[in-house]
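The values are calculated or read from the model by the stated rules, or taken from the named source; none is laboratory data. Note that the structure is predicted; figures quoted are calculated from it, not measured. Neighbour counts are summed over all protein chains in view; Cβ atoms, including those assigned to glycine, are modelled from backbone coordinates with ideal geometry. Areas reflect the complete protein model, heavy atoms only, side chains present, ligands, DNA and RNA absent. Shrake-Rupley method; radii C 1.70, N 1.55, O 1.52, S 1.80 Å.
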Amino acid sequence: KNAKRRAVIASALALPLFLIEMLPMMMRKLMEWWHAVMPMQIMRLISFVLASVVQFGPGRVFYKAGVASVRAGSPDMNALVMIGTTAAYGYSVVATFIPQVLPAGTVHVYYETSAVIIALVLVGKYLEASSKGQASSAMRKLLGLQAKMARIERGGEVLEVESNAVIPGDVVLVRPGERIPVDGVVRSGSSYIDESM
């Protein structure tokens, strides 16, 4: 649930950033209209707010896990996402608020880059968590198919015992349609059995 919530929030905030930055580049007329309607600094401030929420809201998980992995001396994907998105976000903050410190012609913002990377990785983590959950559920269902009791022949009499109480050398009796409680070799007889397990 947490993975889904983070992925949805990050995606919902990254999409407008992506559209603000990318659509005008694909359509020249739209870019001209957009810059006439929306001053560049206002657009950067709006992008800053959206990207900040993604970076330090849903993206906070990368800082927690990334810092921990760097401290442990084994940086992982979380550290990579943390460093990459922080670089894009940090450069954009400088370009937005103190552009005079940057060389001429290099004042660009990359808020959409940091937000989209975080959103995509969080969507991937959600899909991974979801598939793990489904696999765990399938394993639990599969284990539920295991026969709990076994009918065995010991010392000339038939006993009903728990499956884990069957020992090597026991003769297990299985009726038609029943599940096989333990691994073994068919010594005699033929029938139909439930092979789902």
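Pick out the one residue from Ser114, Ser130, Ser163 that is in contact with a helix residue (DSSP H, G or I) (Cβ under 6 Å, 6 or more places away or on another chain) and at pLDDT 85 or above.
Ser114
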### Message
Criterion first (modelled with pLDDT of 90 or more, farther than 25 Å from His108 by Cβ and surrounded by 12 or more Cβ atoms within 10 Å (Cβ to Cβ)) does Val81 satisfy it?
### Response
no
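Only one of these is part of a helix (DSSP H, G or I), more than 28 Å from Asn2 (Cα to Cα) and hydroxyl-bearing (Ser, Thr, Tyr): Tyr126, Tyr91. Name it. Before the answer, list the steps.
Values: Tyr126 fails: more than 28 Å from Asn2 (Cα to Cα).
Only one candidate passes the filter, namely Tyr91.
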### Query
In the stretch 145-155, is there at least one residue being assigned to a helix (DSSP H, G or I) and either farther than 14 Å from Gly59 by Cβ or of a type in the set (D, E, K, R) (or both)?
no
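Looking at the stretch 26-47 only, could you name the residues that are farther than 16 Å from Ala119 by Cα and surrounded by 17 or more Cβ atoms within 10 Å (Cβ to Cβ)?
Step one: list which residues in the stretch 26-47 are farther than 16 Å from Ala119 by Cα, which gives 26-46.
Answer for the stretch 26-47, where residues must be farther than 16 Å from Ala119 by Cα and surrounded by 17 or more Cβ atoms within 10 Å (Cβ to Cβ): Met43, Arg44.
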### Message
Checking Gln55 against (1) in contact with a Phe, Trp or Tyr (Cβ under 8 Å, 6 or more places away or on another chain); (2) surrounded by fewer than 18 Cβ atoms within 10 Å (Cβ to Cβ), only one condition comes out false. Which one?
### Response
(2)
### Message
I'd like the full set of residues that are in a helix (DSSP H, G or I), open to solvent by 30 Å² or more (accessible area, probe 1.4 Å) and either aliphatic (A, V, I, L, M) or in contact with an Asp or Glu (Cβ under 8 Å, 6 or more places away or on another chain) (or both), limited to the stretch 94-120.
### Response
Val94, Val101, Val116, Ile117, Leu120
### Task
Sort out which residues of the stretch 16-25 are open to solvent by 70 Å² or more (accessible area, probe 1.4 Å) and touching a residue at least 12 places away in the same chain (Cβ under 8 Å), and write them in order of number.
Phe18
### Query
Counting only residues that are closer than 16 Å to Leu143 by Cβ and free of Cβ contacts under 8 Å to residues at least 12 places away in the same chain, which one in the stretch 154-194 is surrounded by the fewest Cβ atoms within 10 Å (Cβ to Cβ)?
Asp183
### Task
Might you check whether a residue that is without any contact (Cβ under 8 Å) to a residue 12 or more places away in the chain and either under 30 Å from Ser163 (Cα atoms) or in contact with a Leu (Cβ under 9 Å, 6 or more places away or on another chain) (or both) occurs anywhere in the stretch 82-94?
yes
### Query
Just one of Ala12, Ala36 is out of contact with any helix residue (DSSP H, G or I) (no Cβ under 7 Å at 6 or more places or on another chain), closer than 20 Å to Leu120 by Cα, assigned to a helix (DSSP H, G or I) and among the small types (Gly, Ala, Ser); which is it?
Ala12
### Message
Looking at the stretch 139-148 only, could you name the residues that are within 16 Å of Glu178 (Cα to Cα) and open to solvent by 90 Å² or more (accessible area, probe 1.4 Å)?
### Response
Leu143, Lys148
### Query
Assuming Pro75 fulfils every condition listed in (1) under 19 Å from the mean Cα position of the chain (by Cα); (2) in a helix (DSSP H, G or I) apart from one, which condition is it?
(2)
